[in-house]
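To start, the structure under review is shown below, and the notes come after it.
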Amino acid sequence: MPAVVVLGAQWGDEGKGKATDQLGSRVDYVVKFNGGNNAGHTVVIDGEKYALHLLPSGILSPGVTPVIGNGVVVDLEVLFGELDAIEARGVDTSRLLVSGGAHLIAGYHRTIDKVTERFLGKRRIGTTGRGIGPAYADKISRVGLRVWDLFDEHILTQKVEGALAQKNHLLVKVYNRRAITVEETVEELLRYADRLRPMVTDTAVVLNDALDRGETVLFEAGQATMLDVDHGTYPFVTSSSATAGGACTGSGVGPTRIDRVVGVIKAYTTRVGEGPFPTELFDDDGEWLRKTGGEYGTTTGRPRRCGWYDAVVARYASRVNGLTDLVVTKLDVLTGRETVPVCVAYDVDGVRYDELPTDQTLFHHAKPIYEELPGWWEDISGCRTFEDLPVNAQRYIEALEQMSGCRISAIGVGPGREATISRHDLLD
Ligand code: GDP
Ligand code: IMO
Ligand code: MG
């Protein structure tokens with residue numbers, strides 16, 4: 001099974017990092033194709049915890065070549081900070097490849113991200129403040145800086161001049177901030193150029209050649225379907241393509257080469273930042289999910305908003321990604337309840353919606369229609385086969401499978417690499 005996409009089916013933090021890491025020993029390449037250091041993936045190996053932001057989770061597997069694809073936005077200081085930190089823990093990072101076509105995050109992107117959020121006030125997105133949106137905005141406006149530009153100082157300076165000519169007007173006249181100089185920006189960017197140079201290549205050639213040889217490539221999404229700039233809850237989204245199509249545009253590998261699309265989904269739902277979230281809980285149950293599930297952001301430390309499983313979102317994610325498999329994570333968190341509610345449809349101003357309304361106003365008015373499923377009390381963290389699970393936990397998974405429009409191929413019962421029940425091989 002040569003090419004597999006692993007992506008988030010909700011609003012992020014579903015456990016994509018763990019799912020990718022688990023397949024690590026069986027894949028040759030792991031490609032990050034979208035987003036930047038807004039992502040936060042926690043991977044737990046033999047009780048050791050690693051938090052990855054810009055690096056693909058495959059970096060932790062000895063045989064894997066990790067790749068940062070052209071669809072990513074790269075903050076060089078973060079990249080080298082993260083590399084140094086995991087090298088200090090004994091991880092070999094020497095195989096990392098970076099696409100010359102990836103865009104760079106400069107200091108002015110971070111500044112604009114923060115001042116824009118402040119300016120938006122009540123209408124803010126709740127971004128991670130890492131400069132992601134402004135860097136992608138420049139890419140689309142054709143005034144972005146790419147990794148290749150670092151190796152021609154003349155071109156780099158010209159491009160920074162062009163970008164700052166606009167941005168300084170905005171910063172000084174609209175936001176009342178100080179102007180940013182060309183020199184400080186070029187200096188900041190060139191600081192890492194020599195260290196980066198040996199990693200930079202045309203990664204699309206590398207990946208297509210690998211597929212030609214029959215090697216296995218895993219495409220690991222940052223963020224998730226409901227945060228996708230096209231298919232998410234716009235405008236409360238990130239600025240990249242986190243859905244399956246993004247794996248192709250963000251890597252230079254065509255859709256005919258993708259064999260499998262795996263959606264990672266929590267057994268309940270969380271969201272960080274602003275925006276609509278129909279099953280969000282504001283009561284003790286929400287607090288219980290946050291505490292039991294350890295739902296605090298890996299990147300910003302913000303408490304995650306928590307709610308029940310939303311099968312309407314799951315069906316939507318199955319459809320827009322063409323999912324072949326779902327991996328349900330954190331089933332262990334739901335242990336110890338009489339019943340577990342699952343949202344099967346929405347009530348929007350008195351009208352039942354079985355599918356997700358993509359009109360922003362309707363979605364903001366969506367109220368969940370719940371079905372109560374019987375709960376279980378047994379500790380399931382040691383279960384390793386489906387039959388090991390208590391009958392009601394099995395029924396819960398079967399109900400989710402039937403409601404979500406896609407088969408459930410694996411179930412997470414704990415944060416560790418080994419804490420997973422496999423029902424169908426994701427690479428076969
Ligand atoms: P990602 O951004 O999709 O990679 O997810 P995060 O790492 O931000 O958040 C998922 C969190 O859940 C991490 O702390 C994981 O260690 C943890 N996790 C993943 N799968 C499971 C699981 O099956 N059970 C439990 N209890 N924790 C899990
Ligand atoms: P992983 O890969 C959860 C959210 C932010 C904000 C919105 C836009 O760990 O699942 P941005 O900084 O991207 O412009 O912020 O998107 N967001 C995430 N939420 N998990 C993530 O990544 C996220 N990356 C961005 O909270 O609401
Ligand atoms: Mg995360």
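Solvent-accessible surface of the range 153-299, taken per residue with a 1.4 Å probe and all protein chains present: 44 Å².
Full extension of the chain between Ile155 and Val205 yields a length gain of 15.5 nm, computed as 0.36 nm times the residue separation minus the alpha carbon distance. Amide H to amide H distances under 5 Å link Val348 with Tyr353, Lys367, where only residues 5 or more positions off or on other chains count and H is placed in the peptide plane.
Of all lysines in the structure, those lying under 20 Å Cα to Cα from Lys173, and not within fewer than 8 positions of it along the same chain, are Lys114. Using the average count of surrounding beta-carbon atoms within 10 Å as a protection proxy, the listed peptides 258-267, 155-164 rank, highest first, as 258-267, 155-164. Calculated [222 nm] ellipticity per residue, helices only, for the chain: -9000 deg cm²/dmol; basis is -39500 (n - 2.57) per DSSP H run with n ≥ 4, divided by all residues, nearest 500.
Here the label points at Asp92 and Arg123, each 7 Å from Cα along the C-beta direction, are separated by 5.3 nm in the simple model. Whole-percent P(r), the range 103-194, all Cα pairs, 10 Å bins from 0: 16, 50, 27, 6, 0. Taking amide H as placed 1.01 Å from N in the peptide plane, Val30 has its amide H under 5 Å from the amide H of Thr65, Val67, Leu218, each at least 5 places away in sequence or on another chain. Relative protection proxy for 272-285, 370-383, from highest mean packing down: 272-285, 370-383 (other beta-carbon atoms within 10 angstrom). Annotation for Leu190 and Asp212: the two label points, set 7 Å from Cα along the Cα-Cβ direction, are 3.7 nm apart. The phi torsions of the range 295-304, fed into the Karplus equation with coefficients 6.51, -1.76 and 1.60 and a -60° offset, translate into couplings of 8, 10, x, 6, 9, 10, x, 5, x, 7 Hz, rounded to whole numbers, with Gly and Pro shown as x. In summary, the convex hull built on the alpha carbon positions of the chain has an orientation-averaged projected area of 20.2 nm². In order along the range 9-22, the Karplus-derived 3J(HN,Hα) couplings, from 6.51 cos²θ - 1.76 cosθ + 1.60 at θ = phi - 60°, round to 9, 10, 10, x, 6, 7, x, 5, x, 5, 4, 5, 4, 5 Hz, and Gly and Pro are given as x.
Counting only protein heavy atoms and a 1.4 Å probe, tell me what percentage of the range 173-228's accessible area is made up of carbon and sulfur. So the carbon and sulfur contribution to the accessible surface is 48 percent. Here the translational diffusion coefficient of the range 265-422 follows from Stokes-Einstein with Rh set to the Kirkwood radius across Cα pairs; for 10 °C and 1.306 mPa s it amounts to 98 µm²/s. The protection proxy used here, the mean number of other Cβ atoms lying within 10 Å of each residue, ranks peptides 355-367, 199-211 as follows, highest first: 199-211, 355-367. In this structure, the residue pairs whose Cα-Cα separation is over 24 Å, taken from Lys122/Lys266; Lys139/Lys167; Lys32/Lys266; Lys18/Lys139; Lys122/Lys330, are Lys122/Lys266; Lys18/Lys139; Lys122/Lys330. Dipole magnitude for the chain: computed about the Cα centre from +1 point charges on Lys and Arg Cβ and -1 point charges on Asp and Glu Cβ, it is near 1100 debye.
The values are calculated or read from the model by the stated rules, or taken from the named source; none is laboratory data. What you see is a predicted model; the values in this text were computed from it and never measured. Neighbour counts run over all protein chains shown; Cβ positions are idealised from the backbone, glycine included. To get the accessible areas, we keep the full protein, side chains included, count just its heavy atoms, and leave off ligands, DNA and RNA. Shrake-Rupley method; radii C 1.70, N 1.55, O 1.52, S 1.80 Å.
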